[in-house]
1. List the number of the failed condition for residue 74; all other conditions in (1) more than 30 Å from residue 48 (Cβ to Cβ); (2) in the same structural domain as residue 29 (by TED's automatic domain parsing) hold.
2. Can you name the residue in the range 47-80 that is modelled with pLDDT of 90 or more, buried (at least 17 other Cβ atoms within 10 Å of the Cβ) and of a type in the set (A, V, I, L, M) and is also nearest to residue 121 (Cα to Cα) among such residues?
3. Among residues belonging to the range 112-125 that are touching a residue at least 24 places away in the same chain (Cβ under 8 Å) and in a helix (DSSP H, G or I), point out the one that is nearest to the chain's Cα centre (by Cα).
4. Out of (1) over 16 Å from the mean Cα position of the chain (by Cα); (2) assigned to a helix (DSSP H, G or I), what's the single condition that is false for residue 3?
5. Look through the range 90-111, keep the residues that are in a helix (DSSP H, G or I) and charged (D, E, K, R), and return whichever of them is farthest from residue 19 (Cα to Cα).
6. If a residue must be free of Cβ contacts under 8 Å to residues at least 24 places away in the same chain and surrounded by 15 or more Cβ atoms within 10 Å (Cβ to Cβ), how many such residues does the range 18-30 contain?
7. Give 46, 54 a once-over and let me know the one that is part of a loop (DSSP other than H, G, I, E, B) and of a type in the set (A, V, I, L, M).
8. Over 21 Å from residue 154 (Cα atoms), more than 17 Å from the chain's Cα centre (by Cα) and not in a helix (DSSP H, G or I) - does that describe any residue in the range 82-89?
Amino acid sequence: MFPDQFLPNAAICAAGLATAIFWLRTGMVQRGFALLAALAIATDVALVARFVYADRGAWFFAALWLLQSAAALATACLLVALARRRWSADARRRDELFAAGFQHYLRDELSPARDLFARILRTNPWDVAATVAMANVCWRQGRRARAMRLMQRARRLDRGSGYTDFIGEQSRRIGQGPVRRGLAPPN
């Protein structure tokens, strides 16, 4: 726990801050803000308890424990996610899984398509194309609110702006209403 040592606590907090900044910069805004808030509150409570009230009781140790556990857990989760994104079997088969999911989507087999896109997103939560594809599946299943949230997430994840126009157009179409089925094409 290192209650009286500055450098170990500062290093653990710095790792947590780096993780939060990474999440914020790569589109995981809610995770990043939640971690930043937890670290800021825990640090503030620990500093006030220790230096303002000279209390080394429950408040100090609880805040220090929250600071260290949140930072260590978030950093470990990020490292596992990055390793899984790079070296997992699903990461090596990403193109194959995406193609199979898209084939299911085109054949209107939405449940298998959703399962395959979810599998890709579990492996790589930063995959913009899979996020957009999952949003389209949700839209086709009649889950517009979920589809709009996924499109907003895809917009945040699209750091290179490669999908900006497509995401904008699909968001507009999703916002207009449900998918119309059974309509004959115009002559």
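1. (1)
2. Residue satisfying both the conditions and the ranking: 78.
3. 122
4. Going through (1) over 16 Å from the mean Cα position of the chain (by Cα); (2) assigned to a helix (DSSP H, G or I) one by one, residue 3 breaks only (2).
5. 96
6. Summing the residues that are free of Cβ contacts under 8 Å to residues at least 24 places away in the same chain and surrounded by 15 or more Cβ atoms within 10 Å (Cβ to Cβ) in the range 18-30 gives 1.
7. On the way: 46 fails: part of a loop (DSSP other than H, G, I, E, B).
One residue alone meets the criteria, 54.
8. Yes.
The values are calculated or read from the model by the stated rules, or taken from the named source; none is laboratory data. Treat the numbers as computed from the prediction; the structure is a model and nothing was measured. So basically every Cβ, Gly included, is an ideal-geometry build from the backbone, and we count neighbours across all protein chains shown.
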